[in-house]
Amino acid sequence: MRLRELVEGTELTVRGSDDIEVTTIANDSKKAVVGSLFIAIKGIAEDGHDFLPQAVARGATALVVEDEARVPMGFAGPVMVVPNARGALNWLSGRFFGDPGKRLFCVGVTGTDGKTSVTHMVEAVLAAGGMPTAVIGTVDHHFGEHRWPGDTTPAPLVMQERLAQFRDLGARAVALEATSQGLSQSRVSGVPFDVAVFTNLTRDHLDYHRSLDAYFEAKQRLFTEALAGSPKANRFAIINIDTPYGARISVPSNTTKWTYGRLGSGADLEVEVIAMSLSQSVFRLRAWEKEAELRLPLLGAFNGENALAAIAVGVAAGGDFHACVEALRHFEGVPGRVQRVVHPGAKTVFIDYAHSPDAFEKVLGTARAAMHRERDGGRLVTVFGCGGDRDRGKRPLMLEAALRLSDCVIITADNPRSEDPNAIVEEMLTGASSATDRARVMVELDRTKAIHLALDSTGDADVVMLLGKGHEGYQLMGDERLSHSDYAVAAAKLGAD
């Protein structure tokens, strides 16, 4: 693509000739090649301006910078000086790949919990309505049988390339997870959203954001920055008002706002739990003076609210309420999200990605309530750890929640990264407020052995919850990425094929 074509219609001013061929766009000097347009981003840890000489040496023929004085002496190619290089990266990435989002119905989902489940439910609802849908999220990026490794809220270049691949494969819609980090770094500002969804907000990622207010403000940017900047004619904001932060979300003008929540919340879409067991959930859904019953082969009342969010997206896309509900009747869940381990025996084991105090409350509270109805006398055994180099303040809170809702807790490792796993455990143990609580805690840092310990110490009336890693197939220890899957370890121990 000629540089002239790339910047046409933008506010970018080219100093030098715009009659050159741009073969790639890069913001990593190691990826610069002959014909590259290199964009110098001022990041948290590194400043792309420091790597301008390396980018030029590797063949970059055009530059985008915030500080013109940093352009290497003797560079004769075109230069664009901008106040915000991240914004330029978004615009140029989209243009380079043909603005693929303009031909897709784009749905962004943000929140502490529920993003993965909602995006997969949206996929089911829209696909059933004749709109083949792709997903970008934590588990993976996929469209039909085409799959790429998971990278939640990828950088703009990867995002736009993936959207272009989806478009070329025949997708008509995309549902993507918008994380707080991705939003704070404006990674999705170049996506022309039709719908933005807010699921909830509880304590998480404070190692990055430092405060709940800053964390919320990052989530808010999906609406005030990304959705507000979308050129789509009909835009929708779908917000869970069962969380106090839902009332604080600012919605752009000329945007249709729909709320969802539990029965009695006063939301536009409401859900009531009719029945709950370890093997299925039954909900009554009400919206727009219509009503339907939905059975899901999933554990968790929160899945009713996730379903409402997906149904609202389906209606925003032009679907019928009852048809959207019908599409979810065949939904079987998401890998690593309250997923039951399938095996030939009678033992009940779930794996889940829960890694915050609130997520523990929801998952373990639901399991405990179902057990009370079905298995009076059965024990709930929870296995989990806390990630290294992450919010240290939530470690005792997670153990406190686990002890309050479980009969026995086994502490183990969960991506300790650069931290000493024993030091992480010591911080977690401050959440055991009494000797009685401490007596219900066992420590086994080898995660495979911890899972085996839980399975060997429980009977068929008990329930084992393996929390924290969910779908992940690895363990991050120091600089090593070791192979590990909670599901695979449990299934093998239980004799599954």
Search region 328-342 for residues being assigned to a loop (DSSP other than H, G, I, E, B) and touching a strand residue (DSSP E or B) at 6+ places or on another chain (Cβ under 8 Å), and hand back the single one that is farthest from Ala312 (Cα to Cα).
Val341
Test Gly378 against the stated conditions and say whether it is in the same structural domain as Arg481 (by TED's automatic domain parsing), farther than 23 Å from Ser277 by Cα and either surrounded by fewer than 23 Cβ atoms within 10 Å (Cβ to Cβ) or more than 23 Å from the chain's Cα centre (by Cα) (or both).
no
The condition of being buried (at least 18 other Cβ atoms within 10 Å of the Cβ), assigned to a strand (DSSP E or B) and either more than 21 Å from the chain's Cα centre (by Cα) or assigned by TED's automatic domain parsing to the domain that holds Val349 (or both) holds, among Val271, Val315, only for Val271
Of all residues in region 400-457 being β-branched (Val, Ile, Thr) and touching a Gly at 6+ places or on another chain (Cβ under 7 Å), the one that is farthest from Gly387 (Cα to Cα):
Ile411
If a residue counts only when it is out of contact with any helix residue (DSSP H, G or I) (no Cβ under 7 Å at 6 or more places or on another chain) and surrounded by fewer than 21 Cβ atoms within 10 Å (Cβ to Cβ), which helices (runs of 4 or more DSSP H) contained entirely in region 141-213 have at least 2 such residues?
156-169
Complete set of residues in region 164-186 that are closer than 19 Å to Asn90 by Cβ and either free of Cβ contacts under 8 Å to residues at least 40 places away in the same chain or touching a Phe, Trp or Tyr at 6+ places or on another chain (Cβ under 7 Å) (or both):
Ala164, Gln165, Phe166, Val174, Ser180, Gln181, Gly182, Ser184
Can you find, within region 423-454, the residue that is farthest from Val349 (Cα to Cα) among those that are among the hydrophobic types (A, V, I, L, M, F, W, C) and surrounded by 21 or more Cβ atoms within 10 Å (Cβ to Cβ)?
Ile424
Among what's in region 207-238 and is over 18 Å from the mean Cα position of the chain (by Cα) and among the charged types (D, E, K, R), pick the residue that is modelled with the lowest pLDDT.
Arg210
Check region 197-206 and report whether any residue there is touching a residue at least 60 places away in the same chain (Cβ under 8 Å), within 30 Å of Gly387 (Cα to Cα) and more than 18 Å from the chain's Cα centre (by Cα).
no
Using beta carbons and a limit of 8 Å, which pairs, at least six apart or on different chains, have the first residue in region 457-485 and free of Cβ contacts under 8 Å to residues at least 24 places away in the same chain and the second one in a loop (DSSP other than H, G, I, E, B) and among the hydroxyl-bearing types (Ser, Thr, Tyr)?
Gly473/Ser485
With the requirement that a residue be more than 24 Å from Gln475 (Cα to Cα) and assigned to a loop (DSSP other than H, G, I, E, B), what does region 348-405 give you?
Arg375, Asp376, Gly377, Gly378, Arg379
Quick check on region 242-261: of everything there that is surrounded by 12 or more Cβ atoms within 10 Å (Cβ to Cβ) and out of contact with any helix residue (DSSP H, G or I) (no Cβ under 8 Å at 6 or more places or on another chain), which residue is modelled with the highest pLDDT?
Lys257
If we keep only residues of region 274-300 that are part of a strand (DSSP E or B), in contact with a helix residue (DSSP H, G or I) (Cβ under 7 Å, 6 or more places away or on another chain) and buried (at least 17 other Cβ atoms within 10 Å of the Cβ), then the residue modelled with the lowest pLDDT is Met276
Which residues, taken from region 458-477, are assigned to a loop (DSSP other than H, G, I, E, B) and surrounded by fewer than 20 Cβ atoms within 10 Å (Cβ to Cβ)?
Gly459, Asp460, Ala461, Gly473
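The values are calculated or read from the model by the stated rules, or taken from the named source; none is laboratory data. Note that the coordinates shown come from a computational prediction; the quantities given were computed from them, not determined experimentally. Reconstructed Cβ throughout: ideal geometry from the backbone, glycine too, with neighbour counts over all protein chains shown.
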